[in-house]
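These notes concern the structure reproduced below.
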Amino acid sequence: MQRDIAAIEEMERPDADPALLERTYAQFRLVNLVVSGWRGVYVRLVRPQLPRRGTGTILDIGCGGGDIALALLRWARADGYDVRVLGIDPDARAHDFSTRAAASAGCGEPGVEFRRATSSELVAEGASFDVVVSNHVLHHLDPPQLAGVLADSQRLARGLAIHSDIRRRRSALLLFGLATLPLAGSSYIRRDGLTSIRRSYTRDELSRVLPPGWQAHPQGPYRNLAIWHAEARMAP
Ligand SMILES: C[S@@+](CC[C@H](N)C(=O)[O-])C[C@H]1O[C@@H](n2cnc3c(N)ncnc32)[C@H](O)[C@@H]1O
């Protein structure tokens with residue numbers, strides 16, 4: 001199955017239906033809980049980068065509805081870390097949703113902040129974070145955007161950058177299509193999820209598009225992690 005880079009996700013359209021889009025952001029939380037495996041990524045990769053003393057910082061690029069940023073904040077706090085999480089997204093509709101989600105979860109600043117911003121704006125501000133993450137963003141990006149987000153991640157991450165995404169497999173289409181049948185028509189989740197699988201990379205494809213210093217790791221049968229360690233900055 002070839003990568004379908006021409007396929008467009010409905011939620012990306014400026015004229016996307018506001019009610020369907022709202023439910024899409026809301027359902028991201030459930031979908032991410034079931035398919036994204038961030039609890040394991042937090043325990044294995046994010047948590048070891050957080051300082052035991054002082055304040056740890058995490059950046060979520062393309063945070064969408066903000067559920068992963070909020071989950072990282074909750075997990076880190078439950079583990080006794082003082083942590084600040086910033087979620088950024090260039091889409092005003094995502095920013096609006098995530099800001100409301102943080103308020104209704106009772107997680108306001110300084111614990112979590114959501115900004116309508118790009119990673120390059122943060123680089124221009126001279127920002128940096130212990131850990132930089134994204135979820136389901138890489139497959140959205142065209143080659144120059146991908147190169148830009150990865151280069152920005154290297155500049156912004158003091159410890160580790162982790163971009164988690166779907167791995168393209170025919171069986172993923174079948175399983176996701178079946179599992180999300182009950183959600184069909186209520187949001188863009190099912191349709192855009194299937195498009196995302198078609199747009200996503202195999203592990204080999206991801207390895208080939210990652211710049212030096214990055215590695216593509218499999219995470220279970222259906223996901224890839226693109227990982228960059230700040231020590232790579234020092235490598236010859
Ligand atoms: C499928 S959504 C994923 C949202 C969220 N990370 C999640 O997993 O639920 C992809 C998000 O990436 C954002 N996005 C698209 N292009 C981007 C870019 N160049 N930099 C940062 N975010 C981008 C979109 O606005 C959208 O909110």
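The values are calculated or read from the model by the stated rules, or taken from the named source; none is laboratory data. Just so you know, these numbers come straight off a predicted model, no measurement behind them. Here the Cβ positions follow ideal geometry from the backbone for every residue, glycine too, while neighbour counts run over all protein chains shown. Side chains included, ligands, DNA and RNA excluded: accessible areas come from the protein's heavy atoms. Shrake-Rupley method; radii C 1.70, N 1.55, O 1.52, S 1.80 Å.
Local charge for LEU225 was computed over the other residues whose Cβ lies under 12 Å away, with Lys and Arg +1 and Asp and Glu -1, and equals +3. Normalised by the number of residues in the chain, the mean separation of alpha-carbon contacts (under 8 Å, six or more apart) gives a relative contact order of 22 percent.
Note that the stretch 114-121 has calculated 3J(HN,Hα) couplings of 10, 10, 7, 7, 9, 5, 5, 5 Hz, one per residue in order, obtained from phi through the Karplus relation 6.51 cos²θ - 1.76 cosθ + 1.60 (θ = phi - 60°); glycine and proline are x. Taking each residue as 0.36 nm, the span from ASP82 to VAL43 lengthens on full extension beyond its C-alpha to C-alpha distance by 12.5 nm. Restricting the stretch 1-86 to trypsin sites (Lys or Arg not before Pro) that sit in a DSSP loop and have at most 11 other Cβ atoms within 10 Å of their own Cβ leaves ARG52, ARG53.
3J(HN,Hα) along the stretch 27-32: 7, 3, 4, 5, 4, 5 Hz, from the Karplus curve 6.51 cos²θ - 1.76 cosθ + 1.60 with θ = phi - 60°, whole Hz, x for Gly and Pro.
The antiparallel fraction among DSSP beta bridges confined to the chain stands at about 35%. In the context of the full set of protein chains, the chain has a per residue accessible area of 48 Å² (1.4 Å probe). Label reach from LEU30 (point 7 Å along Cα→C-beta): in the stretch 182-213, amide nitrogens under 13 Å belong to 182-190.
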